[in-house]
Amino acid sequence: MIPAVARFVESLRRAGVGTSPAEVLDATRALDRVGLEDRRRFRAALKATLIKTREHGALFDRLFEQFFATPSGAARKRRRQKPGGGHGMARRPAPDGIPRSAPETPRRPRRREPRADDRPRAMDESVRKAIRTARPGASGRTGRLRRVRLDDVNPAQRRGPAEMTSPLRRDLTRPMPTEEERALAEMVPRLLETIRLRISRRARRARRGRVWTRRIFRENLSREGIPFVLPRRRPKTRRSRVVLLVDVSFSAARATGYFLWMASSCLQLGRHARVLAFVDRPVEITAELRAWTRGRAVAPEPRRGRKFPGAGIRPSRSGFDDLLLSIPDLNLLAPSDYGRTFDALRRSKLRPAGRDTVLVVLGDARTNHLDPLAWALEEIARRCRFVLWLVPEARGRWGTGDSELARYLPFIDTVVEARDLAGIARGLEELLRRR
């Protein structure tokens, strides 16, 4: 029954009803409780977990009747009858011994009315245009968006055996057991070592700058060590302040856990970097995250009847889900509200500001059809030097359903597709290059 529910959810998304992965998981858990015997209870469970507005309720009713329609009386009667024409009676042969066959009459093709769920499954046109105009050499750029880093693997190949053999390509938005989360977590140290070797900064010679003391003797060996030539190197750049604004809701918590683990190994938390977690409002978790990555045990609150992702992401004795549950100000059961988060951040003392500030946002921009308040992000971005957004979803879903990513793109400098560990590594590289 799960494949049928998945196809039904895809039809809802094509029709314009935004359903997040967390809501799909809630629907499957509700179906396990109510069962499949009672059609009325089955329908009520799906509608209560997938529908949020009255307009979408009418669309749900029409699509439900199309997907889970009960057969009529005539159809049930024809299903019980055998093809021989009677109730279980065989067809009598013709006098010449050749069995009779029904005459083939040409059927007129039925005209099918277009439906709302027949729309192609593709990203929003505004998102596609922003990505197209952000490429180098393209004209018609709008806003701050100058670079878009997408996955270089063809989406058609991701569904094949190559996806299953490459753990770096495992989609983090899909359901994942704790054992698989732990297997992916074992690859984080190797990824970090690769990123450090690739992003390492080396001193370069320059006409002006500080005297390069270590290179003086090498440059003057032919002059018996007399420093006739004083090589210089570029001045050391000042480290930027980094603000990580991460979505810890159910649909993005797993990608957020891997990213924070990797980012905390490359940034100095508390000194040059701050971490703000949000579901419907921002909460600073810098001290808690630093203690979690250093091995301190976390005492979480009761799970309140729901299992959160991130149990296998544990650089220490506690998992990432324990870290989230140990922060009392985080309401993990609240609906995602990006507009309220940006507005609260704009008015609070935690707002990022300064010419050397880099703002990093990790989230799918799904606002549950609430007001996105894009102007609040615009005001925050105006005070920052660089804005980086990591989207833990496939680019085909950007701007679809309740996603408001198209409203936020004009105020972002770089957007990265971070649906797997490889995408998170690309986003971390972009962050380290902008420091």
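The values are calculated or read from the model by the stated rules, or taken from the named source; none is laboratory data. Note that the coordinates shown come from a computational prediction; the quantities given were computed from them, not determined experimentally. Using ideal geometry, Cβ is built from the backbone for each residue, glycine included, and neighbour counts are taken over all protein chains shown.
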R159 vs. criteria outside the structural domain of A255 (by TED's automatic domain parsing) and at pLDDT below 85:
no
State whether the residues of the stretch 340-358 include one that is under 19 Å from W261 (Cα atoms), in contact with a Lys or Arg (Cβ under 9 Å, 6 or more places away or on another chain) and modelled with pLDDT under 95.
yes
Residue among L197, L184, L191 that alone is loosely packed, with under 10 Cβ neighbours inside 10 Å and at pLDDT 75 or above:
L197
Would you point out which residue out of A273, A291 is closer than 20 Å to L431 by Cα and either modelled with pLDDT of 85 or more or not assigned by TED's automatic domain parsing to the domain that holds F342 (or both)?
A273
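A quick yes/no check of all residues on (1) in a helix (DSSP H, G or I); (2) surrounded by 15 or more Cβ atoms within 10 Å (Cβ to Cβ):
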{"residue": "L12", "(1), (2)": "yes, yes"}
{"residue": "G18", "(1), (2)": "no, yes"}
{"residue": "V24", "(1), (2)": "yes, yes"}
{"residue": "A30", "(1), (2)": "yes, yes"}
{"residue": "R33", "(1), (2)": "yes, no"}
{"residue": "L36", "(1), (2)": "no, no"}
{"residue": "R43", "(1), (2)": "yes, yes"}
{"residue": "L46", "(1), (2)": "yes, yes"}
{"residue": "T49", "(1), (2)": "yes, yes"}
Return yes when W389 is over 28 Å from P300 (Cα atoms) and without any contact (Cβ under 8 Å) to a residue 24 or more places away in the chain and no when it is not.
no
Could we say that L388 is of a type in the set (A, V, I, L, M, F, W, C) and either outside the structural domain of R149 (by TED's automatic domain parsing) or out of contact with any Ser or Thr (no Cβ under 8 Å at 6 or more places or on another chain) (or both) here?
no
Show me the helices (runs of 4 or more DSSP H) found entirely inside the stretch 263-377 where at least 1 residues are out of contact with any helix residue (DSSP H, G or I) (no Cβ under 8 Å at 6 or more places or on another chain), closer than 22 Å to T19 by Cα and not aliphatic (A, V, I, L, M).
338-347
May I ask you to say which residue of L345, L324 is surrounded by 19 or more Cβ atoms within 10 Å (Cβ to Cβ), under 28 Å from R13 (Cβ atoms), among the aliphatic types (A, V, I, L, M) and touching a residue at least 40 places away in the same chain (Cβ under 8 Å)?
L324
